[in-house]
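> Please find one structure pasted underneath; my questions will follow.
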């Protein structure tokens, strides 16, 4: 159970850092007078919206039950794929066990009062539907309010806050739906998956001070990263293997990875922001009024990059931190697609072919993100982008070989379970038929 809750312990410290920074941000970008959403003043859902969301969630759990061999038993699917939310007392106990060592008693009291107040507001709300996960919903709402709303107040984006809802996992989707008010749906496992990828990346990196993230000049001077050792490749392979065999990272088979530190916890927070801003971009750019197409995904990534990195450049003197978050998000999803290819086809990762007619390959999206970031006019930001790209590509490039080796080794085990049927639709849409790609 420890490993399934670690991302939420990280969120405590990221939340506090963001809240303590808010006074400085507000001095630079005064708040608008428009109404804001807060956890203590939640948006009221209409019956139409609640019923629409509930129906989609129920259908998703029925699909989970059918494809997981549970004979359509929705309650069994809920039990298998839902992680119980920790109590507020459990959250506070874990937070106190990991308190910063450099704060005074008065600061400590203020710190934990803020933690308790904020977590109580976000995680003690009743579920909006019987299928909803309050823990995951609260995590996404917290990330939205600490990432997107400050940009809206500062005039970076001009969209109303959407409704937010979770869906059972089985993929890594985040979607935005037009209704009277737009609705963002998030697969519950996406939060955990991105958090696990950050922790594995941290294990493969040298120690980086938090202050480095708040200066493009410092980011441009990042030291060379060490060659990732075999244990990191094995951990990543086991994480991906558990995901593709069970259909979700919400599984007791996930390897315990420990917690991210403040530096990489900050990256995780911004990765959630990148996802949120990508979906916001679809609405901001008018995509919801048209048939989905591959170009829209590139445009939404570009919007998320500009919004997140432009904002952090103005408030924290760091274009690089937003860019790094987007790059890591796309690397994470790309690794999952490549692992699915290895498991389904038994072929090396570099042989992966992509045929989806709506969603472009994540590799192409990642390259477009790099190209867009390198076109930024600020020379310090471009230098940071160059260095971040080099060190991150070095780590993931070397991890890929080890991950591929372990995935193929696991696949050859006689008693290894096959690919989860929860991935079937994704595979059918994304990869060419196996009869066309099989090699001797």
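The values are calculated or read from the model by the stated rules, or taken from the named source; none is laboratory data. Since this is a predicted model, take the numbers as computed values, not measurements. With ideal geometry, Cβ positions are generated from the backbone for all residues, glycine too; neighbour counts draw on all protein chains shown.
> On the basis of being touching a residue at least 40 places away in the same chain (Cβ under 8 Å) and within 25 Å of residue 229 (Cβ to Cβ), does residue 400 make the cut?
Values: touching a residue at least 40 places away in the same chain (Cβ under 8 Å): yes; within 25 Å of residue 229 (Cβ to Cβ): yes.
Considered against the rule, which asks whether it is touching a residue at least 40 places away in the same chain (Cβ under 8 Å) and within 25 Å of residue 229 (Cβ to Cβ), residue 400 comes out as yes.
> Could you count how many residues in segment 44-78 are part of a helix (DSSP H, G or I), over 21 Å from residue 423 (Cβ atoms) and free of Cβ contacts under 8 Å to residues at least 40 places away in the same chain?
Looking only at that region, the number is 4.
> Let me ask something else. Give segment 277-286 a look and list any residue that's without any contact (Cβ under 8 Å) to a residue 60 or more places away in the chain and surrounded by fewer than 23 Cβ atoms within 10 Å (Cβ to Cβ), or say none.
285, 286
Quick grid of which residues meet (1) surrounded by 22 or more Cβ atoms within 10 Å (Cβ to Cβ); (2) touching a residue at least 60 places away in the same chain (Cβ under 8 Å); (3) touching a strand residue (DSSP E or B) at 6+ places or on another chain (Cβ under 8 Å); (4) more than 17 Å from residue 151 (Cα to Cα):
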{"site": "271", "(1), (2), (3), (4)": "yes, yes, no, no"}
{"site": "275", "(1), (2), (3), (4)": "yes, yes, yes, no"}
{"site": "288", "(1), (2), (3), (4)": "no, yes, yes, yes"}
{"site": "292", "(1), (2), (3), (4)": "no, yes, no, yes"}
{"site": "305", "(1), (2), (3), (4)": "yes, yes, no, no"}
{"site": "310", "(1), (2), (3), (4)": "no, yes, no, no"}
{"site": "314", "(1), (2), (3), (4)": "no, yes, no, no"}
{"site": "324", "(1), (2), (3), (4)": "yes, yes, no, yes"}
{"site": "344", "(1), (2), (3), (4)": "no, yes, no, yes"}
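> Report, by residue number, each residue of segment 177-192 that is at pLDDT 90 or above and surrounded by fewer than 24 Cβ atoms within 10 Å (Cβ to Cβ).
If the condition is that a residue be at pLDDT 90 or above and surrounded by fewer than 24 Cβ atoms within 10 Å (Cβ to Cβ), then 182, 183, 184, 185 are the ones that fit.
> Here are some residues: 376, 396. Which one is surrounded by 19 or more Cβ atoms within 10 Å (Cβ to Cβ) and not in a helix (DSSP H, G or I)?
376
> If I go through segment 196-233 residue by residue, how many of them are crowded, with 22+ Cβ neighbours inside 10 Å and more than 17 Å from residue 392 (Cβ to Cβ)?
The number of residues fulfilling the criteria is 0.
> Follow-up question, since we're still on this one. Among the residues of segment 141-157, are any closer than 29 Å to residue 59 by Cα, assigned to a loop (DSSP other than H, G, I, E, B) and touching a helix residue (DSSP H, G or I) at 6+ places or on another chain (Cβ under 8 Å)?
Filtering segment 141-157 for residues closer than 29 Å to residue 59 by Cα gives 141-145.
After this cut, where a residue has to be assigned to a loop (DSSP other than H, G, I, E, B) as well, the list is none.
No, segment 141-157 contains no residue that is closer than 29 Å to residue 59 by Cα, assigned to a loop (DSSP other than H, G, I, E, B) and touching a helix residue (DSSP H, G or I) at 6+ places or on another chain (Cβ under 8 Å).
> Please give the number of the condition residue 176 fails out of (1) farther than 21 Å from residue 242 by Cα; (2) not in a strand (DSSP E or B).
Evaluating residue 176 over (1) farther than 21 Å from residue 242 by Cα; (2) not in a strand (DSSP E or B) leaves (2) as the failure.
> Before we move on, is residue 236 assigned to a helix (DSSP H, G or I), modelled with pLDDT of 90 or more, more than 20 Å from the chain's Cα centre (by Cα) and crowded, with 18+ Cβ neighbours inside 10 Å?
The answer is no for residue 236.
> Every residue in segment 109-131 that is closer than 17 Å to residue 184 by Cβ and modelled with pLDDT of 85 or more, please.
129, 131
> Determine if segment 320-330 includes at least one residue that is over 17 Å from the mean Cα position of the chain (by Cα) and not in a loop (DSSP other than H, G, I, E, B).
Kept after step one, since they are over 17 Å from the mean Cα position of the chain (by Cα), are these residues of segment 320-330: 320.
Of the ones still in play, those that are also not in a loop (DSSP other than H, G, I, E, B) are 320.
Among the residues of segment 320-330, at least one is over 17 Å from the mean Cα position of the chain (by Cα) and not in a loop (DSSP other than H, G, I, E, B), which makes the answer yes.
> Here is a follow-up. What residue, among those in segment 168-222 that are under 15 Å from residue 384 (Cα atoms) and free of Cβ contacts under 8 Å to residues at least 40 places away in the same chain, is farthest from the chain's Cα centre (by Cα)?
218
> Quick one: residue 340 ticks every box in (1) assigned to a helix (DSSP H, G or I); (2) in contact (Cβ under 8 Å) with a residue 60 or more places away in the chain; (3) closer than 20 Å to residue 150 by Cβ except a single one, so which number is it?
So residue 340 meets the others, but not (3).
> Let me ask something additional. Is it the case that residue 172 is at pLDDT below 90, buried (at least 18 other Cβ atoms within 10 Å of the Cβ) and either out of contact with any strand residue (DSSP E or B) (no Cβ under 7 Å at 6 or more places or on another chain) or at positive phi (or both)? Break it down into steps so the answer makes sense when it comes.
Numbers: at pLDDT below 90: yes; buried (at least 18 other Cβ atoms within 10 Å of the Cβ): yes; either out of contact with any strand residue (DSSP E or B) (no Cβ under 7 Å at 6 or more places or on another chain) or at positive phi (or both): no.
Here the answer is no, as residue 172 does not meet what is asked.
> Would you mind finding the one in 295, 283 that is within 14 Å of residue 176 (Cβ to Cβ), in a helix (DSSP H, G or I) and out of contact with any helix residue (DSSP H, G or I) (no Cβ under 9 Å at 6 or more places or on another chain)?
Of the residues listed, the single one that is within 14 Å of residue 176 (Cβ to Cβ), in a helix (DSSP H, G or I) and out of contact with any helix residue (DSSP H, G or I) (no Cβ under 9 Å at 6 or more places or on another chain) is 283.
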